[in-house]
Amino acid sequence: MQKIRIGRPIQIRRPTTSPQRKKIIVPKNRIQSIKIQSPKSPAISTGRAQGTAPTSTEAEQEIFEQTNKLRADYEKPPLEYHDRLTELARHYSRLMLEKNFFAHVTPEGKNLMGRSREFQIQYHAIAENIACYRGHFVKPPGREVAVSWFHSPGHRANMLDENNLGFTHLGVGMASKFSSSENIYYYTQLFLLPLHVDK
């Protein structure tokens, strides 16, 4: 049975009392493997969800649409596409692939706050889900990754904004590498409540 590996999710929020400091919320669940044949998920719409990305790979688009479909099933508003957030997500997936690591912090010690600053993304709140798959899918898994995240409590909290951080935008990035022995896919999903409205 093929598996998708997901890393523990993280959230960063700017406290309203002190904008210079940031609070990091780390759910208790650790890195784990989730079977693709996970418990039944809500029904999937074959149409395009509101707020879908205008340009992205098929797998990224599937994750974007499935995330908004799951949110709709729980009466949550759709998340909007964000250019720089998507660039950051793709950049981080490529970085994990190229440097062969799987974590929210790079081998050099750069975390989500540092990466957001590098891409000039200012936020009230930001959160990140990551995943990795090694195997032989006919096409890169997309919907399966979103479902795997959804069946992990901490990742689902980001997707449904269960901590009420007010996320309004979503960025999804995938990086892949193919070989005769196995295909490797890295995924990054970023949620954002921007400091200023700038897509």
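Rounded to the nearest 20 debye, what is the charge dipole size of the range 110-199 about its Cα centre when +1 sits on each Lys and Arg Cβ and -1 on each Asp and Glu Cβ? Working shown, then result.
Details: 9 positive and 7 negative charges, 49 e Å.
So the magnitude is around 240 debye.
Which of the peptides 119-125, 145-151, 101-107 is most tightly packed, and how do the rest follow, judged by the mean count of other Cβ atoms within 10 Å per residue? Present the calculation step by step, with values, prior to reporting the outcome.
On the way: 119-125: 17.7, 145-151: 24.4, 101-107: 14.0.
Ranked by mean Cβ neighbours within 10 Å, highest first: 145-151, 119-125, 101-107.
Would you mind telling me the share, in percent, of accessible area of the range 67-183 contributed by carbon and sulfur at probe 1.4 angstrom? Present the calculation step by step, with values, prior to reporting the outcome.
Details: 2410 of 4930 Å².
In the range 67-183, the share of accessible area belonging to carbon and sulfur is 49 percent.
The values are calculated or read from the model by the stated rules, or taken from the named source; none is laboratory data. The structure displayed is predicted, hence computed values, not measured ones. Virtual Cβ from ideal backbone geometry, glycine too; neighbours counted across all protein chains shown. Side chains are part of the model used for accessible areas, which takes the heavy atoms of the whole protein and leaves out ligands, DNA and RNA. Shrake-Rupley method; radii C 1.70, N 1.55, O 1.52, S 1.80 Å.
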